[in-house]
Structure formats: C-alpha cells, structure tokens
Amino acid sequence: DTFVLASEFARARLDNPEASAEEAATLAVKHGGVSILVTSVTDGLAFLIGSLTVLPALSWFCIFTGLGVVFLFIFQITMLTPALVLNDRRARANKYDLLCCFTSKKEHPFDD
C-alpha cells in the first residue's frame, strides 16, 4: 500500500508540476486510495472470517492480523500522506534527507 501511494504521489507530481504538494497528495489518494481500500478490506475480511476456526491459536492469529490490516490502512491514509507532503516540501527546498535543517549548495533535479 505504501508503494502504491508513493508511486501515485510521484506520478501526480510529474503529471502536474505546477500543483502544490497538497493537491498532488489529493490526486494520489484519489487514484491509489481505491486500490488500497479494496485490498485492505478484502484482506481484513479474509482474516477476520478466518478467526471463526475452532483452533484457538489460528483464531487469535487471524483476529490480530485482520485488525492489523485495518489499522495499517487507516495509518497509511492519515499518516503516510502528510509525510509524503512534508518530504516533497523538503525536497523542493533543496534540503538534505537526513539533516533536513541544512540546505544543499548543489541543486538536485526532481526527475531522477
């Protein structure tokens, strides 16, 4: 799911270079959000239905995994998307990846 949102965000930035980072994130969630919603719902339901088994260990595994899939979907929509926007702002300001308080003296192209 992370790869889907990140690639949709990168595609939105390339297709609409004049758009703000927030608009690119909106386009990324608009296009990639449907696919991750479908996969997360089907995976979560499959595990939660699997929790109906009579084997206690397998039942607990399916419960925790099903809830984990649902939590990760919510987490990626609410936390990953703003992180992509913040990273885009950092990159456009020509700041370093790890030491984001410092600006690079050399300009880096975005098409790499």
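Key figures for this structure:
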item	result
Length-normalised contact order of segment 11-112 in % [C-alpha pairs under 8 Å, at least 6 apart]	21 percent
From the coordinates shown, mean projected area of the Cα convex hull in nm² corresponds to which of (1) 5.9; (2) 8.4; (3) 11.5	(2)
Under Karplus coefficients 6.51, -1.76 and 1.60, residue-wise ³J(HN,Hα) of segment 18-34 in Hz, glycine/proline x	7, 6, 6, 5, 5, 5, 5, 5, 5, 5, 5, 6, 5, 8, x, x, 5
Burial ranking of peptide ranges 96-105, 34-43, 62-71 (average Cβ count within 10 Å, highest at the top)	62-71, 34-43, 96-105
Segment 5-112, accessible area per residue, ligands and nucleic acids excluded (1.4 Å, Å²)	69 Å²
Using alpha-carbon coordinates, inclination of helix 81-92 to the longest axis of the chain, degrees	20 degrees
Computed E for Glu18/Thr42 - FRET, C-beta separation, R0 30 angstrom, nearest 0.05	0.25
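The values are calculated or read from the model by the stated rules, or taken from the named source; none is laboratory data. Because the structure is a prediction, the values reported are computed rather than measured. Note that each Cβ is placed from the backbone with ideal geometry, even for glycine, and that neighbours are counted across all protein chains shown. Only protein heavy atoms, including side chains, enter the accessible area calculation; ligands, DNA and RNA are left aside. Shrake-Rupley method; radii C 1.70, N 1.55, O 1.52, S 1.80 Å.
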